[in-house]
Amino acid sequence: MFKKPNSKTVTNVAIQGGSMVLGAKVGDGLATLAPDSMSSYKRIILGVVGIGLAACIPATSTANTIAQSASLGMGVKQLYDEITDTIANAVPVKEAVEGASLTATDKFVNALVGHKEPMLASLNGSWGNDLIDESIWDRPLQQALSSGFTGV
């Protein structure tokens, strides 16, 4: 099953991975172009089309591998987003009990479902609000050194 990687296998995996990421981003772009009337099912359509298209492309050349991986990336990402949003809306966020932190199981469930843990809230909770000095962002505007400088 496993074999020692060589330059050809590493290159092929890099091409496939990069193409999948590119396809995922193209799918996100296409999803934004879909009309609002399709908002409830546009990701499902793009997901099915992407995976179906990937199944139709034989990976016999580098160009075909790129096209197949990009199509698969688009389809998988759109279906992943749809499933994650559906589950995240159905499963409540696991929150820590006062005085205790989240258990490993609760953290795992939150991550599995797609709930994001707010970083600033966890920092405020563990450090206290008194350690965050918001006044550092209130800096006065500085005068320009010279208005005649052209940069040349």
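Read-outs throughout are calculated quantities, based only on the coordinates presented, and are distinct from any laboratory measurement. Only a predicted model underlies this, so the values are computations on that prediction, with no experimental measurement involved. Please note: Cβ atoms are built from the backbone with ideal geometry, for glycine as well, and neighbour counts cover all protein chains shown.
Viscosity 1.306 mPa s, temperature 10 °C: what is the translational diffusion coefficient of the range 10-114 from Stokes-Einstein with a Kirkwood Rh over Cα pairs, rounded to a whole number of µm²/s?
Values: Rh = 15.5 Å.
It diffuses with D of about 103 µm²/s by this estimate.
Given a Förster radius of 22 Å and the C-beta distance between LYS25 and ALA88 as r, what FRET efficiency does 1/(1 + (r/R0)^6) yield to the nearest 0.05? Before the final figure, lay out the partial values.
Details: r = 21 Å, r/R0 = 0.97.
Efficiency for this residue pair is about 0.55.
If the reach is capped at under 23 angstrom between alpha carbons, list the lysines near LYS94, excluding any in the same chain fewer than eight residues apart.
LYS107, LYS116
For GLY29, what charge total do you get from the other residues with a beta carbon under 14 Å from its beta carbon, if Lys and Arg give +1 and Asp and Glu give -1? Mind showing how you got there, number by number?
Numbers: positive: LYS25, LYS42, ARG43, LYS77; negative: ASP28, ASP81.
Neighbourhood net charge equals +2.
Would you mind getting me the FRET efficiency between THR32 and LYS116? Use the beta-carbon distance for r and R0 = 22 Å, nearest 0.05. Show your work: numbers first, answer last.
Numbers: r = 21 Å, r/R0 = 0.95.
My answer for the efficiency is 0.60.
Tell me, what HN-Hα J-couplings in whole Hz come from the Karplus equation 6.51 cos²θ - 1.76 cosθ + 1.60 at θ = phi - 60° for each residue of the range 90-105, using x for Gly and Pro?
8, 9, x, 5, 7, 10, 6, 6, 4, x, 9, 8, 4, 6, 4, 5
What does the extension gain come out to for ASN6 and VAL48, with contour length at 0.36 nm per residue minus their alpha carbon separation? Working shown, then result.
On the way: separation 42, 0.36 × 42 = 15.12 nm, distance 3.37 nm.
Stretched out fully, the ASN6 to VAL48 stretch lengthens by 11.7 nm.
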